[in-house]
1. I'd like the full set of residues that are farther than 14 Å from Trp22 by Cβ, outside any loop (DSSP other than H, G, I, E, B) and under 10 Å from the mean Cα position of the chain (by Cα), limited to the stretch 35-84.
2. For residues in the stretch 1-17 being surrounded by fewer than 14 Cβ atoms within 10 Å (Cβ to Cβ) and not in a helix (DSSP H, G or I), which is modelled with the lowest pLDDT?
3. Here is a list of conditions, (1) closer than 23 Å to Pro12 by Cα; (2) at pLDDT 95 or above; (3) surrounded by 12 or more Cβ atoms within 10 Å (Cβ to Cβ); (4) not polar (S, T, N, Q), and Asp56 meets all of them except one; can you say which number that is?
4. Test each condition in (1) at pLDDT below 95; (2) under 17 Å from Arg6 (Cα atoms); (3) not aromatic (Phe, Trp, Tyr) for Pro20 and report the one that comes out false.
5. In the stretch 25-40, which residues are over 15 Å from Gly73 (Cα atoms) and not aliphatic (A, V, I, L, M)?
Amino acid sequence: MVNLLRDIFGNPFRPVPFSPSWRTSTAVALAAQMYESRDFSVMPILADAIQDAGCDNADVLDHCRNDGPHVRGCWVVDLALGKE
């Protein structure tokens, strides 16, 4: 249960700024696909897309590359989609 809460809310004591420049067409398309299908198996690919766009934030990249669980409402996916 705790892992699901971390997936949805992240670390409330250390909010992560998400640069709009990281919302490339590839990152947004991957995030939208995961959001709609509820298949989060491409989270590591989202990490690569965001990193290619200039993200060097370890919290964001590590979250995408960890084993999860990841669910609809994942804070990184929501940020990639512009859902603040």
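1. Passing the criteria: Met43, Pro44, Asp62, Arg65.
2. That would be Met1.
3. (3)
4. (2)
5. So the first thing to find is which residues in the stretch 25-40 are over 15 Å from Gly73 (Cα atoms), and the list is 25-27, 29.
Answer for the stretch 25-40, where residues must be over 15 Å from Gly73 (Cα atoms) and not aliphatic (A, V, I, L, M): Ser25, Thr26.
The values are calculated or read from the model by the stated rules, or taken from the named source; none is laboratory data. Being a predicted model, the structure only gives us computed values, none of them experimental. Counting neighbours? That spans all protein chains shown, and the Cβs are built from the backbone with ideal geometry, glycine included.
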